Amino acid sequence: MIQYLFVINSKGDLLLLKNYQRMPLAPDIAESFMENKNKVDIPVFKYNGLVHQYIKREDLYFVAAVMEGISEFLIVEFLQRLCQLCKDFCGVVNELAVRQNLMLLHEVIDEVVDTGVIQQTATEKIRPFIHSQPTVVPVKVIDQPGLFGVEKRVVSGSAANKPVILSRGDLEARRNEVFLDVIEKITAQFGSDGNLQRSDVRGEIQMKSFLTGSPVIHIALSDNIVIGTEEQKTGYGTTLLEDCQFHDCVKRSERKNTFIISPPQGEFLVCSYQLSGEVMSQLPFRLQAIVEDYDTTR
């Protein structure tokens, strides 16, 4: 299926290469990719009889070359999962992380792809077969003044940027941690008078687990949150979550708005949703258009 895959930076430097063909590759494969990439507006192009697809994360390009007839959606999903595996095992996805964890990434790819055929992309399934130690990204702790002058220690937003497997020297200091991120994207359309015409809020809950064993996590949402469809009636001040899609490890409890999660190791999407109701007309910002007419004789 996959003829070869590689990772390069924005400058065209080849960082990682896996060749599943019987014939050797051209030495200018990275330069050829950068030239052909700039000729098209989509992340797919044909070169030397192979279809090349890529995704970009930070300053890196993850590229896969396949034969014609292979589903493009399958290759894009594979590249996204490969990038997520790099983040799970290296902590972050950037050029420095790839260079310092090159042997580790080769082991990961060998478990994911066998002679060009995709095998397994789940972090918890691959982890027992990885023996190389990752380069751990240090976590910065920021001191901020608290209430009445009492200092409180707040972990920075980069605290979750660490691999799911730690080196032998960090095993004793390892803590059971769970990082939960709520990401919402707002798409709004305003009129020339500044009034809101339509808006759409789509969100997702991401979790990254560093728990040992097989723990169970209970998550409870606020009582004013209703999970359902537009046909369900909601009262004043109620937020309706539509089109909710949950991960396979998430089960609904008998209690209202309570969920039971058996998290796999690494980062995964707990659920995705769409906001509706009164919150749609209460955006956290205002937009007002100002048009100035200039003399055309200038």
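Each reported figure results from applying straightforward, stated rules to the coordinates on display, with no laboratory input. What you see is a predicted model; the values in this text were computed from it and never measured. Virtual Cβ from ideal backbone geometry, glycine too; neighbours counted across all protein chains shown.
Here are the numbers for this structure:
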| read-out | value |
| --- | --- |
| Residue-by-residue Karplus 3J(HN,Hα) for segment 204-215, coefficients 6.51, -1.76, 1.60, Hz, glycine and proline x | 8, 10, 10, 10, 10, 9, 10, 8, 8, x, 10, x |
| Long-range amide H partners of TYR47 with built H, under 5 Å | HIS52 |
| Label point distance in nm, LEU74-LEU283, each placed 7 Å from Cα along Cα→Cβ | 4.2 nm |
| Karplus-derived 3J(HN,Hα), 6.51/-1.76/1.60, for each residue of segment 33-46, Hz, glycine and proline x | 5, 5, 5, 6, 5, 6, 8, 10, 9, 10, x, 9, 7, 9 |
| Flagged links, alpha-carbon separation over 27 Å, of LYS46/LYS125; LYS18/LYS185; LYS18/LYS162; LYS11/LYS208; LYS125/LYS256; LYS87/LYS125 | LYS46/LYS125; LYS18/LYS185; LYS11/LYS208; LYS125/LYS256 |
| Long-range amide H partners of LEU15 with built H, under 5 Å | VAL7, ILE8, ASN9 |
| Calculated FRET value between LYS56 and ASN19, using beta carbons and R₀ = 30 Å, to 0.05 | 0.85 |
| For GLN265, distant residues with modelled amide H under 5 Å away | GLU124 |
| Equivalent ellipsoid, segment 74-137 (semi-axes from 5 times Cα gyration tensor eigenvalues, Å) | 18, 13, 10 |
| In Hz, Karplus ³J(HN,Hα) per residue of segment 257-270 (6.51, -1.76, 1.60; θ = phi - 60°; x = Gly, Pro) | 6, 10, 10, 10, 10, 10, x, x, 6, x, 9, 8, 8, 5 |
